[in-house]
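The values are calculated or read from the model by the stated rules, or taken from the named source; none is laboratory data. Computed from a predicted model, the values in this text were never measured in an experiment. A quick note on method: Cβ atoms are made from the backbone with ideal geometry, for glycine too, and the neighbour counts reach across all protein chains shown.
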Amino acid sequence: TFSVIQQGKVFPGKYQVPFDVELPEHIPSSFIVENGISNHCKIQYELKVQLRGSGNLWDYKQTKSVPIKGKSLPRDPLPFFSQPVEQAAKFCCFNQGNILFGAKVLDTRLDMGETCQIHLSIRNNSTVEIKEVGAKLSQVVFWEGRQAHPSTKSRELGSFTFPKLPGTQAQGDGERDIEVGQLQVVFKEIEEGHHAAEITMPTDALASYNGSFIKVMHHLQIYVNAGKCVSSPELDVPILCGETPSPDAAAATTQDTSAIPSAVVVPSSS
């Protein structure tokens with residue numbers, strides 16, 4: 001093995017010193033989020049190199065910022081299923097009937113660039129008009145410091161509006177009772193994906209993280225909009241975002257020696 005130190009000293013020249021560092025398992029990924037001119041949240045990792053005894057007054061040092069990605073997500077899907085439930089559709093305080101609503105998210109663990117698949121079903125057993133059924137994927141970054149006020153930065157990552165769905169039309173006063181077997185039909189539509197949507201996690205999204213002072217959270221909101229002053233069903237589904245390598249990624253990875261930090265030893269002027 002070649003040693004940089006020969007005869008008790010490092011001779012002038014350029015050297016590459018490969019090394020491995022085992023990172024802690026649950027460290028967050030590198031990122032920066034700005035919220036105004038002087039308010040920002042930043043996670044940065046630095047590699048510091050020092051040649052002890054290399055200078056007359058101080059040692060030669062070099063600091064390099066190193067981008068780090070956090071732990072990969074498990075490969076197994078983690079689905080979310082909300083059983084169809086009835087919710088009263090109230091205009092102000094007046095009951096206008098019920099809305100039967102349920103949904104399923106095939107996997108709540110998403111890679112950056114991966115598509116989130118949503119199945120839902122709805123039956124309007126009320127006299128209110130359903131104006132819109134949709135889904136929104138959002139990211140919220142929260143941070144606080146010892147001497148700073150807590151800050152929050154939100155970002156909508158994607159959305160989908162369903163076309164006019166069967167069973168969403170308003171009912172007459174005498175048609176508000178739930179049809180026999182309607183619950184089974186709604187269950188079947190959800191499982192078979194009769195009404196499906198897709199929202200892609202952007203490749204520039206941040207990895208989810210839950211720390212003491214910094215939190216990066218992702219949520220999928222599946223909503224029914226029945227207009228102002230009308231209570232409408234809504235689901236808030238927690239989503240985990242991260243980097244999941246393909247099964248053969250490790251075998252395909254090759255070392256790029258150009259990325260290995262190098263130290264340049266400058267001859268002394270004395």
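Quick rundown of the values:
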| item | result |
| --- | --- |
| Filtered residue count, segment 66-78, keeping only those that are closer than 30 Å to ASP107 by Cβ and surrounded by 12 or more Cβ atoms within 10 Å (Cβ to Cβ) | 7 |
| Inter-residue pairs, beta-carbon under 7 Å, first under 16 Å from GLN139 (Cα atoms) and in segment 31-52, second in a loop (DSSP other than H, G, I, E, B), 6+ apart | PHE31/LEU206 |
| So GLU25, is it loosely packed, with under 10 Cβ neighbours inside 10 Å and free of Cβ contacts under 8 Å to residues at least 24 places away in the same chain | no |
| Extreme residue, nearest to GLN16 (Cα to Cα), among residues of segment 32-65 that are surrounded by 13 or more Cβ atoms within 10 Å (Cβ to Cβ) and in contact with a Pro (Cβ under 9 Å, 6 or more places away or on another chain) | VAL49 |
| Residues (in a loop (DSSP other than H, G, I, E, B), at pLDDT 80 or above and in contact with a Phe, Trp or Tyr (Cβ under 7 Å, 6 or more places away or on another chain)) located in segment 1-50 | PRO28, SER30 |
| Top-ranked residue of segment 190-211 - restricted to ones that are of a type in the set (S, T, N, Q) and surrounded by 15 or more Cβ atoms within 10 Å (Cβ to Cβ), ranked as nearest to LEU165 (Cα to Cα) | THR200 |
| Residue pairs meeting the criteria (Cβ under 7 Å; at least 6 apart or on separate chains; first assigned to a loop (DSSP other than H, G, I, E, B), in segment 55-74; second surrounded by 11 or more Cβ atoms within 10 Å (Cβ to Cβ) and modelled with pLDDT under 85) | ASP59/GLN50; ASP59/LEU51; LYS69/GLU243; SER72/GLU243; SER72/THR244; SER72/PRO245; LEU73/THR244 |
| In segment 168-184, residue modelled with the highest pLDDT [restricted to those that are in a helix (DSSP H, G or I) and either among the acidic types (Asp, Glu) or surrounded by 17 or more Cβ atoms within 10 Å (Cβ to Cβ) (or both)] | LEU183 |
| Residue count, segment 224-242 (criterion: touching an Asp or Glu at 6+ places or on another chain (Cβ under 7 Å) and among the acidic types (Asp, Glu)) | 0 |
| Subset of segment 83-130 that is at pLDDT 90 or above and not in a strand (DSSP E or B) - its residue that is farthest from HIS195 (Cα to Cα) | MET112 |
